[in-house]
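Worksheet for the structure shown next.
Rule-based calculations on the coordinates, nothing more; no lab input. Computed from a prediction, not measured in an experiment: that's the story for all the values here. Positions of Cβ are generated from backbone atoms using ideal geometry, with glycine treated the same way; all protein chains shown enter the neighbour counts.
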Amino acid sequence: MILYNGHMRTLLEELCSTRNRLGCIIGYLCTNRIKFTLQPYHCGCNVIIGDPDNADFCFCAHYDVVTNSVGANDNTASVVVCLEHAIEGHQNSAVVLFDQEEQLCNGRIEDMGSYVFGMDLKGSPHILVLDVCGIGDTIIGHGDYLPSDVLNHYTPPSDDYALSLNNHKASLISVLPEDQLDSHMIWRELHTVYDTPDKIQDSTMLMMVDWIYTLILSSKEIHEDQKT
């Protein structure tokens, strides 16, 4: 169980208040003494924490936003969740923060950070792409590796699509309020000025951090049982 102490909210608001999101992320990692590498490419830069080629799990989120929105739910909350996981530290997992996911809307797949990352990835970790994970109580998703406690449910394509073009298996994970599983009402605020930090629920971010922790722990226990 991860104890919430408020720093996730602080990071969320800092990221939403700056256009230099990459600089903010780098500063946060340096302050917390988290080792990372940058993967610059022709129109962006990914942030890699850990060793995805040798990890069992790779948790990903895009940190870019559309120009007319601060992108609190799309996708700053997911970035904060991934960074919190990185701070906690788990040897069998990696974190990758992608640039230029929003290029998917323009059809420029080759400009997406996830596409570039997928071209270089040599390993085969379970890739879980977190997108729109800041509001709600029900974890939904679809893809090649979907944990049993995730509701198989439609979500709009994201970095999982770009990764699949490079023959990597990935699942997209999102969150919705239980009473919006049919209406998807909160999705109407994505890519608008209404996607603001005050809408993000601390309980949802904490739920996702705990979910990642539990997923890794249960996987480790399964591997240990198989060895005995």
Which longest run of the chain has no exposed loop site in it, a site being trypsin sites (Lys or Arg not before Pro) in a DSSP loop with at most 11 other beta carbons within 10 Å, and the site itself not part of the run? 123-228
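Restricting to DSSP H runs of at least four residues, report the calculated mean residue ellipticity at 222 nm for the chain, -39500 (n - 2.57) per run over all residues, nearest 500 deg cm²/dmol. Display every interim value, and only then the final one.
Numbers: 6 runs with 73 residues, N = 228.
After summing the helix terms and dividing by residue count, I get -10000 deg cm²/dmol.
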Count the lysine pairs in region 7-227 whose Cα atoms sit under 29 Å apart, keeping only pairs 8 or more residues apart in sequence or on different chains. 8
Is the shape of region 56-189 rounded, prolate or oblate, going by the alpha carbon gyration tensor and its root eigenvalues a ≥ b ≥ c, with a/c under 1.5 for rounded and a/b larger than b/c for prolate? rounded
Just subtract the alpha-carbon distance of residue 124 and residue 137 from 0.36 nm times their residue separation and send over the number in nm, one decimal. 1.7 nm
Out of 131, 149, 53, a Gaussian network model of the chain with alpha-carbon springs under 10 Å gives the largest mean-square fluctuation to 149
For residue 153 and residue 218, what does the FRET efficiency come to when R0 = 22 Å and r is the distance between their Cβ atoms, rounded to the nearest 0.05? 0.55
Pulled fully out, how much extra length does the chain show between residue 43 and residue 178, if you take 0.36 nm times their separation in residues and subtract their Cα-Cα distance? 44.8 nm
Between 130, 165, 97, find the one with the highest GNM mean-square fluctuation for the chain; connect C-alpha pairs within less than 10 Å. 165
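Of the chymotrypsin sites (Phe, Trp or Tyr not before Pro) in region 138-228, which ones lie in a loop per DSSP and count no more than 16 other C-beta atoms within 10 Å? Intermediate results must be reported in sequence, preceding the final value.
Values: sites: 145, 154, 161, 187, 194, 211, 213; in loops: 145, 154, 194.
Here the sparse-neighbourhood loop sites are 145, 154, 194.
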With the crude spin-label approximation of a point 7 Å out along Cα→Cβ, what separation in nm comes out for residue 167 versus residue 68? 4.1
Pick from 152, 75, 106 the residue whose mean-square fluctuation is largest in a GNM of the chain, springs joining Cα atoms under 10 Å. 106
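Looking at the P(r) of the chain, how many percent of alpha-carbon pairs lie beyond 31 Å?
Numbers: 3340 of 25878 pairs.
Roughly 13 percent, once rounded to a whole number.
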Distance in Å, no decimals, from the C-alpha centre of region 9-77 to the one of region 122-137 is 14
Region 11-55 scanned against label point 7 Å out from residue 192 along Cα→C-beta; backbone N under 11 Å for none
Residues of region 187-221 with amide N under 14 Å of the 7 Å Cα→Cβ point at residue 17: 197-198
